[in-house]
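Note sheet for the following structure.
Taken together, the values in this text are just the output of simple stated rules run on the coordinates, not laboratory data. Quantities reported herein were computed from a predicted structural model and do not represent experimental measurements. Here the Cβ is made from the backbone with ideal geometry for all residues, glycine too, and neighbour counts use every protein chain on show.
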Amino acid sequence: MNRRNFLKNTTMSSSALMAAATIPAYIAAQLNSNTMTAFAEKQPANKFRPLTLSGLGGVAIGNGFNQNPDIECLQTMEAAWNAGVRYFDTSPWYGLGISERRMGLFLKDKPKDSFTISTKIGRILEPKEDFKVDANWKGKLNFGYKYDYTAAGVRKSVEDSLHRLGLPSLDIVFIHDLSPDNADMKHNWLKYFDEAAKGAMPELTKMRQEGLIKGWGLGVNTIEPILKTLEIADPDIFLSACQYSLIEHEADLNKVFPKVAAKGMSIVVGAPLCAGFLAGKDRYLYSGDFPKGVKEKLAALKRVATNHKVDLRTAALQFAAAPDVVAAVIPGAHTIEQAKQNAASFNEKLPAAFWEELKSEQLIAANAPTPKAKS
């Protein structure tokens, strides 16, 4: 079976049956053959990966872009869980603690080995009433933050996250926003990177050796920090956001993915829908600006999708999941319907002619992996 085939199968492959032995039986019983096949076919020899290819990102759960009610967010997580999602990504930054608290409230009573949870370090939260910060976060924020990429800062951040989540341990810890696009850091990101190289990175490796976490990496929106980390440290997995989508993907595809794969590591794709842009939202990523050409490319993608009766959101999620090096894709959601639709998109089969036309019109790279198409 082609390793890129994450689409629905009527029977479980032998590799999926082997994978079932590596996860608890009560989890395997809840996951369809498609999910199990994806789990089996993307297992590395030595680096930790999330339990399912289909994940849930925690930005919207933390009131990203909209102030979302607690109950709506919990119902969204339940819908994702019922659809087979077993990977949940969050951060102290998402709503200044709101995302972690909400995700923890849902997950705290689940068996710990029944899901994968990742969070992030880099910002230490400090109580501060009605803190005003990034316009992406809506609602009342009762925490401010300070940057800390030291070894002590890692320990403090992880401990704080466990308290907010109400969980006994973490699976993955990403070093967050250590990147030249971080406006707070401006031109000082290399200074913070040096602090992390001496502090956070060796400390996370130590925590992995101690069994406190299963893997670590960077969660960033550009490729430079990932490439630098590969040169100096021993991470397991990277969250590459804003860099692998139908709109933009060649830098990740040609510069990052080969190096990550060569070391047995993997990629989590963040913002696969460009923060809703590919799902009909009037925004592109997190800046509020529309870079030159993105609206025109969206129109061209929609035209090809219409020609083949393809849902563009589904195509975007499947495209992000197609490379072998991709361990998970984490679209956000804050409603039951969004969670259901996103999870279902990984089970659809799209026509080969759709992907062929995208390549012939140079809307996606000629060497970009695409899913196994329907016959």
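Before moving on, here are some points about what is shown:
- Residues LYS292, LYS140, ranked from the fewest to the most other C-beta atoms within 10 Å, line up as LYS292, LYS140.
- Violating pairs (Cα-Cα greater than 27 angstrom) within the set LYS138/LYS255; LYS214/LYS259; LYS228/LYS302; LYS112/LYS156: LYS138/LYS255; LYS228/LYS302
- Cβ-based exposure ranking for LEU246, LEU230, in which fewest neighbours within 10 Å come first: LEU230, LEU246
- Relative to the 2.2 N^0.38 Å rule of thumb, segment 249-375 has a C-alpha radius of gyration ratio of 1.04.
- All Cα-Cα separations within the chain were binned at 20 Å from zero, giving a P(r) of 30, 62, 8, each value a whole percent of the pairs.
- Packing-based exposure ordering (other Cβ within 10 Å, fewest first) of TRP355, TRP189: TRP189, TRP355
- Computed on the chain, with alpha-carbon pairs under 8 angstrom and 6+ residues apart, the relative contact order is 20 percent.
- Straight-distance crosslink candidates among lysines, where the alpha carbon sits under 19 Å from LYS132 and sequence neighbours closer than 8 are dropped: LYS140, LYS146
- For LYS140 and PHE290, a Förster radius of 25 Å and the Cβ-Cβ distance give a FRET efficiency of 0.25, rounded to the nearest 0.05.
- What separates the Cα centres of segment 326-375 and segment 181-257 is a distance of 25 Å.
- Gain in span if fully extended, LYS186 to ALA251, counting 0.36 nm per residue against the direct Cα distance: 21.2 nm
- The chain - share of DSSP beta bridges that are antiparallel (%, nearest 5): 15 percent
- Amide H contacts under 5 Å for GLY332, placed H, 5+ residues apart: GLY57
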